[in-house]
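The values are calculated or read from the model by the stated rules, or taken from the named source; none is laboratory data. Predicted model, so just to flag it, every value in this text is computed and none were measured. All Cβ positions, even for glycine, are placed from backbone atoms using ideal geometry, and neighbour counts span all protein chains on display. When the accessible area is computed, the model is the full protein with side chains, heavy atoms only, and any ligands, DNA or RNA have been set aside. Shrake-Rupley method; radii C 1.70, N 1.55, O 1.52, S 1.80 Å.
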Protein chains: 2
Amino acid sequence: MTTAPDTAEIERRKDAARAWFETLRDRICKAFEDLEDALTGEGAAKVAGIAAGRFERTAWKRPGNDDAEGGGGVMSVMRGRVFEKVGVNVSTVHGAFSPEFAKQIPGSDTSGGQFWASGISLVAHMRSPHVPAVHMNTRHIVTGKGWFGGGADLTPMFPDSAPAQEDGRHLHAALKAACDAADPEYYPRFKKWCDEYFFLPHRGEPRGLGGIFYDYLDSGDWEADFAFTRGVGEAFLRAYPEIVARRMNGGWSDEDRRHQLIRRGRYAEFNLLYDRGTQFGLKTGGNTEAILMSLPPEVIWP
Amino acid sequence: MTTAPDTAEIERRKDAARAWFETLRDRICKAFEDLEDALTGEGAAKVAGIAAGRFERTAWKRPGNDDAEGGGGVMSVMRGRVFEKVGVNVSTVHGAFSPEFAKQIPGSDTSGGQFWASGISLVAHMRSPHVPAVHMNTRHIVTGKGWFGGGADLTPMFPDSAPAQEDGRHLHAALKAACDAADPEYYPRFKKWCDEYFFLPHRGEPRGLGGIFYDYLDSGDWEADFAFTRGVGEAFLRAYPEIVARRMNGGWSDEDRRHQLIRRGRYAEFNLLYDRGTQFGLKTGGNTEAILMSLPPEVIWP
């Protein structure tokens, strides 16, 4: 099982991973659009005049490359009445790392710096201050080695409130089940990794209620690692829409909204100051619009 | 003139620099409060119901230090009707750099990592989209060496417009005069440094219309360097209030405001992704509130 895969097998794996990320994107977009249609109650009254949102897709190429050379991605964005702004980016890129950057990436030495990467990345900022923001990302990377990475984490605006705590337990339970199906050691390890990663040292506070985060996952059984990564996507796809549906129909006060906009400042601070993906993407010529789609639609730093 | 100063002389210089930064702060705050009172016309009509602002001061100590040990600062903040949010921070701190950080700082080798730093830092975000935002900072740093640094730069929201271009020329002319009084080579050098520094590579655009930026200024004539740094402060104190007074009484549209909030996103991106002072401050246990006072009060990333 740990025999090195041949070229055809590696290509088959790349195709399978890419196809999964695209399928997951389509299913998530459908689920989120269904939530837009299902909004009712005080939640609907608060956004009267705003139409139920639909995703719009924009394809992009890696800059400095002609046609398909270097790859690119598709950014799906919806600005709706439940989802104030949600971006789902699927990208599949390949090329060569700069020599200095290659040193940081496993397997770059045996690939001559060549890499291939495909993944899905999602951030949702919600209109209601009582619906948590969320982030989910999974990816497959191939250099001289191949591995999976990703995770999902929940950012309620009132993290200490009973509803937010319930929402946090809900997402954690779904992610734990996905982990446990693969390896009972995964959840405690990946939960801790998430808590450590999504922390704002300058504020001395976590970004939210956490979730899981994993990287460099190469157990020696590619099919198992891929199944686990699919399981994380499935867990997110099931749990987050349930959380949204449970909270979205309630109302909120101007004070709640103001609190939400302040909390979003912390989100922007994290992504711009610390997030590896953001820093990596912007400093390696990634697609700026796609990378910064994670930033909140409206923020205050009072 | 290049004889190394004795301890008493170094202390005299520190006291003089610190006193200047505090005096400059007081004069700037007074000038800005006068502008709050002077607002009239359509500009005043747009902010009807908002009182003329006054600065509020908050003292802070370096964290992890008792009483005066390590120093601290005073943050002056005004939320007014001309100035939506302006922070003026004066700090005087001392201590020891971490060994890894010390390597990057001139003179740390001969001071055993000890440093002393005093400075004034100001960022103003304006209510009117037709009044440029501005940044000004000057500082004196002493390790085994001693030097001045700082600068000022203007960020109009519509940088290509004729009024913004006029405002840019106004600030540049004032800064150039301050430079020329010290050394005719300063302005071209420090203007270029500013253009290079305040640039957003991921957007491929400058932060604004520039100004000047200088660092490690130690010409061998401390009195001349201090006089130059005072000159930069005086130039800012004269030119920026003139620019504000010329623009603040006009009105603006919702579309102008929206454009302003988007442009402010670029400002936040620069400060969080690239600004050395922000990164330095947050990663060395500086005062988070004082450092992030530079962030705009309201931002959209649409």
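Quick notes on this structure:
- For beta carbons closer than 8 Å, sequence separation of 6+ or different chains, a first residue in segment A:157-168 that is modelled with pLDDT of 95 or more and a second that is in a helix (DSSP H, G or I) and open to solvent by 40 Å² or more (accessible area, probe 1.4 Å), the qualifying pairs are A:MET157/A:HIS259; A:MET157/A:ARG263; A:PHE158/A:HIS259; A:PRO159/A:GLN165; A:PRO163/A:ARG247; A:ASP167/A:ARG246; A:ASP167/A:ARG247.
- In this structure, A:GLU196 qualifies as open to solvent by 10 Å² or more (accessible area, probe 1.4 Å), part of a helix (DSSP H, G or I), touching a Phe, Trp or Tyr at 6+ places or on another chain (Cβ under 9 Å) and without any contact (Cβ under 8 Å) to a residue 60 or more places away in the chain.
- Test result for B:ASP153, surrounded by 23 or more Cβ atoms within 10 Å (Cβ to Cβ), under 23 Å from B:PHE226 (Cα atoms) and at pLDDT 95 or above: yes
- Options B:GLY208, B:GLY220: the member that is in contact with a Phe, Trp or Tyr (Cβ under 8 Å, 6 or more places away or on another chain) and either farther than 25 Å from B:LEU295 by Cα or more than 14 Å from every other protein chain (Cβ to nearest Cβ) (or both): B:GLY208
- Odd one out for B:GLU289 among (1) more than 30 Å from B:ALA19 (Cβ to Cβ); (2) within 14 Å of chain A (Cβ to nearest Cβ); (3) open to solvent by 30 Å² or more (accessible area, probe 1.4 Å): (1)
- Test result for B:GLY95, more than 21 Å from B:GLU298 (Cβ to Cβ) and open to solvent by less than 10 Å² (accessible area, probe 1.4 Å): no
- Any strands (runs of 3 or more DSSP E) falling wholly within segment B:19-125 and containing at least 3 residues that are aliphatic (A, V, I, L, M) and within 22 Å of B:GLY277 (Cβ to Cβ): B:71-78, B:83-96
- Close Cβ contacts (under 7 Å, 6 or more residues apart or on different chains) running from residues in segment B:207-224 that are open to solvent by less than 20 Å² (accessible area, probe 1.4 Å) to residues that are polar (S, T, N, Q) comprise B:ARG207/B:THR155; B:GLY208/B:THR155.
- Subset of segment A:110-130 that is open to solvent by 10 Å² or more (accessible area, probe 1.4 Å) and without any contact (Cβ under 8 Å) to a residue 60 or more places away in the chain - its residue that is nearest to A:LYS30 (Cα to Cα): A:ALA117
- Set A:ARG257, A:ARG230, A:ARG189, A:ARG203: member being within 14 Å of chain B (Cβ to nearest Cβ) and either open to solvent by less than 20 Å² (accessible area, probe 1.4 Å) or modelled with pLDDT of 95 or more (or both): A:ARG257
- Residue list for segment A:178-188, filter: in contact (Cβ under 8 Å) with a residue 24 or more places away in the chain and not in a loop (DSSP other than H, G, I, E, B): A:ALA178, A:CYS179, A:ALA181, A:ALA182, A:TYR186, A:TYR187
- Failed item, numbered, when B:ALA268 is tested on (1) open to solvent by less than 10 Å² (accessible area, probe 1.4 Å); (2) hydrophobic (A, V, I, L, M, F, W, C); (3) away from every other protein chain (no Cβ under 14 Å): (3)
- When segment A:271-282 is filtered for residues that are out of contact with any Ser or Thr (no Cβ under 9 Å at 6 or more places or on another chain) and more than 8 Å from chain B (Cβ to nearest Cβ), the ones remaining, listed by number, are A:TYR274, A:ARG276, A:PHE280.
- Subset of segment A:293-302 that is under 13 Å from the mean Cα position of the chain (by Cα) and surrounded by 22 or more Cβ atoms within 10 Å (Cβ to Cβ) - its residue that is nearest to the other protein chains (Cβ to nearest Cβ): A:LEU295
- Looking only at segment A:14-49, residues that are among the hydrophobic types (A, V, I, L, M, F, W, C), open to solvent by 60 Å² or more (accessible area, probe 1.4 Å) and closer than 18 Å to A:ALA227 by Cα come to 0 in all.
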